[in-house]
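Working notes for the structure below.
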Amino acid sequence: MADRVTVIGWDGSPLTDAARAALGAATLVAGAAHHLALPEVPPTAERVRLGSVALAARRIAAHRGTAVVFADGDPGYFGVVRTLRAPEFGLEVEVVPAVSSVAAAFARAGMPWDDAQVVVAHPRTLRRAVNVCRAHTKVAVLTAPGAGPAELGLLLEGVHRTFVICEELGTEREQVTVVTSDKAADHTWRDPNVVIVIGGPVGAGESGGWTAGRDPGAGPRGWVQPDASYGAGPGGGLGEGETELLRAAQLARLGPRVGDLVWDIGCGSGAFAAEAARAGAAVIAVDRDPGSCARTDAAARRYGVQLQVVQGTAPHVLENLPEPDVVRVGGGGAAVVSAVADRRPQRIVTHAATRDAAELVGRDLTEHGYRVECALVQSVELDTRVWTETERSVAFLLTGELLRREAPR
């Protein structure tokens, strides 16, 4: 077993004394080609080209001597340290850090990044990384071959973003390019690269923030807002199935989260769409009525969230939308629910005004392989000054949960 493993972060700067000392004593050095070409690597040391970190870790564990592993940027930040410290390898790891690739990318762009979301994109996580770019105004994407700037741009079709693409940071071939997301697929980009994705109003507050990433305390408190919050503007007021308590139940059943894509079909006032976006999810809101689309845009602006509004009639308009994780069907009935179930989201929530309609939707979801729950939800608003009823709402709330585990998308 290796006597000691030292992980050296490399950002293009001269090596520190600690890094030089560890490297001078190394009998095995693992890293990318540009790391192994450094003049400080001992000529007698065994050299391992770093591809799969797990495979390299097994080789290091079987090595008798002292090992050094190079990694770009800070190796403890989405880097190799997590894998090397896995109990199965039994390695004792020391770390010599460097400036992370994300910090370097934002420095090249001259931008603060304490308010940025940071995600890793490789072929298995690319779709979720894109959903974060849809939902947030400032995202740093650590890319991989097959999940780079071109792929990000293609999957962001219909959503305007600005890309700051930082290629080969810290090397003589370093290059920073600014393009719009729709142009990213027109170029060939060199690995490794980091993509800063910008969209919507961005700017640091005068006093700065208090937590990294999106401020969870921004905006009014509460998962859902009072019905009156969505009553302004032409055609104001909430439609059927949009009442505050029903929205709260729908959000609880769907549980939208960061990395998810939510479809809100029949978005109406935009209340549910805005509240799902406040949870950190990407949202595509669909409605055939131009007034509803305008109100949804206004709701998003009011609460400072990013979402995409698509005008069209379901189910036909759904054909070209990216795959959803969870879906709320606010309008369209059984035909739309059936079309949504064909796309295999993890969860679907809808409502019905009558038992017959609820049974029809429930049977269809069951036939599509969903476990169905139905609850009769009744809310009664009271005037507490005289304790009299002011408004009553009754609806059948249906939830479909996909029973068979789908392959990762």
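Count neighbours as other Cβ atoms within 10 Å of each site's Cβ, and list the GluC sites (Glu not before Pro) in region 41-135 that are DSSP loop with at most 11 such neighbours. Each step should come with its number before you reach the end.
Values: sites: Glu46, Glu88, Glu92, Glu94; in loops: Glu88, Glu92.
Qualifying residues, ordered by number: Glu88.
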**OP:** Grab the other residues whose beta carbon is less than 10 angstrom from that of Asp3, score K and R as +1, D and E as -1, and report the net.
**Re:** +1
Original post:
Helix 244-254 versus the longest principal axis of the chain: what angle, 0 to 90°, nearest 10, using Cα atoms?
Top reply: 40
**OP:** Mind checking region 111-213 for chymotrypsin sites (Phe, Trp or Tyr not before Pro) that DSSP puts in a loop (not H, G, I, E or B) and that have at most 11 other Cβ atoms within 10 Å?
**Re:** Trp210
Original post:
If you wrap a convex hull around the Cα atoms of the chain, how much volume per residue is inside, in Å³?
Top reply: 172
Original post:
Using Cα atoms only, what is the angle between the long axis of helix 126-135 and the major principal axis of the chain, expressed in degrees (0 to 90) to the nearest 10?
Top reply: 60
Subject >> Area accessible to solvent at Thr390, 1.4 Å probe radius, in Å² >> reply: 90
Original post:
Going highest first, how would you order 325-334, 17-26 by mean Cβ packing within 10 Å?
Top reply: 325-334, 17-26
**OP:** Consider all pairwise Cα distances in region 258-409 and report the whole-number % of them above 21 Å.
**Re:** 48
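Assign unit charges at the C-beta atoms only (+1 for Lys and Arg, -1 for Asp and Glu), then state the dipole size of the chain relative to its Cα centre in Debye, rounded to the nearest 20.
For this selection, approximately 740 debye.
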**OP:** Run through the DSSP bridge list for the chain and note the antiparallel percent, rounded to the nearest 5.
**Re:** 50
**OP:** Note the angle between two axes, namely the Cα long axis of helix 355-367 and the longest principal axis of the Cα atoms of the chain, as a number of degrees from 0 to 90, rounded to the nearest 10.
**Re:** 30
**OP:** Using per-residue counts of other Cβ atoms within 10 Å, averaged over each peptide, order 263-270, 116-123 from highest down.
**Re:** 263-270, 116-123
Subject >> Globularity index of region 304-357, i.e. its alpha-carbon radius of gyration over 2.2 N^0.38 Å >> reply: 1.20
**OP:** Give the residue from Ala22, His122, Ala98 lying farthest towards the positive end of the charge dipole for region 1-151; charges sit on Cβ (+1 for Lys and Arg, -1 for Asp and Glu) and the dipole is referred to the Cα centre.
**Re:** His122
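When the dipole is taken about the Cα centre of region 26-169, and only Lys, Arg (+1) and Asp, Glu (-1) are charged at their Cβ, what size is it in debye, to the nearest 20?
Here the size comes out at about 440 debye.
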Original post:
Of all the C-alpha pairs in region 184-339, what % are more than 24 Å from each other?
Top reply: 37
Subject >> Euclidean distance between Cα centres, region 1-66 to region 331-345, Å >> reply: 54
**OP:** List the GluC sites (Glu not before Pro) within region 98-199 that fall in a DSSP loop (any state other than H, G, I, E or B) and whose Cβ has at most 12 other Cβ atoms within 10 Å.
**Re:** Glu157, Glu172
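The values are calculated or read from the model by the stated rules, or taken from the named source; none is laboratory data. Here the structure is a predicted model, which means the values were calculated and not measured. We place every Cβ from the backbone using ideal geometry, glycine too, and count neighbours over all the protein chains shown. Just the protein is used for accessible areas: all its heavy atoms, side chains included, with ligands, DNA and RNA removed. Shrake-Rupley method; radii C 1.70, N 1.55, O 1.52, S 1.80 Å.
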